[in-house]
Amino acid sequence: MNRLGSFRHLVALCALLLLAGVGNRAILPAQESAAPVTGASVVKTHTYVSLDPVPRGKDFQIAVVVDINEGYHMNSHKPRDPYLIPTTVTPQLPAGFTLADTVYPNGQLKKFPFSPDKALDVYSSRVTFRLRLAAGATAPIGAAKIPITLRFQACNNSACLPPVKVALSVPLEVAGADAKTRALHPEIFSAARPEPK
């Protein structure tokens with residue numbers, strides 16, 4: 001092969017490589033845009049039960065622990081202004097269970113750029129809600145789930161996200177009235193009233 005032929009061969013090879021590169025770029029998946037920020041995306045929830053198993057006729061507790069992303073907060077259960085949306089924890093109890101009380105921690109008073117003259121009553125960082133329940137004599141023995149709805153509105157220093165409802169499902173085991181049980185998570189359930197951190 002003469003020099004001209006070699007040069008043409010080299011040019012053709014380079015063109016093929018370039019085309020292959022363009023082709024590869026063409027079939028790469030498009031970059032996905034970042035998911036929109038929602039109230040549910042700025043919190044992480046954890047649930048705990050105070051007894052295992054839960055005997056019939058026995059009082060027990062459920063805790064809902066919410067970790068709130070840095071830079072965000074949610075209104076307390078008793079916000080200082082009526083137009084603010086309170087945080088609520090609402091169980092949908094199956095047959096055989098009763099709710100005695102829902103224990104909400106006190107919020108923290110904080111000022112924000114959008115409310116420089118008035119402190120707001122909010123939860124931030126981590127907050128624990130507790131439900132005091134009882135398993136009745138008719139509670140079905142075996143595995144059970146208690147659905148809970150966490151409703152709140154998350155805000156940062158400049159804006160509030162639309163309010164959301166986060167559906168939770170708390171698994172537990174129900175046993176006969178004379179069943180042996182053990183206490184779980186005393187670090188959560190021993191305090192008289194949970195306090196935000």
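So the values come out like this:
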quantity: Cβ-Cβ FRET estimate between Lys110 and Ser169, R0 fixed at 45 Å, reported to 0.05; calculated: 0.90
quantity: 5 angstrom amide H check on Phe97, placed H, neighbours 5+ away; calculated: Gly136
quantity: Length added when fully stretched, Ala40-Ala191, from 0.36 nm per residue minus Cα-Cα; calculated: 51.6 nm
quantity: FRET efficiency for Asp59 and Ala119, using Cβ-Cβ distance with R0 set to 45 Å, rounded to 0.05; calculated: 0.80
quantity: Calculated on alpha-carbon atoms, Rg and Dmax of segment 42-189 in Å; calculated: 17.3, 57
quantity: Cross-link reach list, lysines versus Lys145, counting only Cα pairs under 25 Å and skipping chain neighbours closer than eight places; calculated: Lys44, Lys58, Lys165, Lys180
quantity: Added length on full extension, which subtracts the Cα-Cα distance from 0.36 nm per residue, Leu93 to Ala179; calculated: 28.7 nm
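Each value in this text was obtained by applying a stated rule to the coordinates, not by laboratory testing. All values derive from a computational prediction rather than experimental measurement. As a convention, Cβ positions derive from the backbone with ideal geometry for all residues, glycine included, and neighbour counts pool all protein chains shown.
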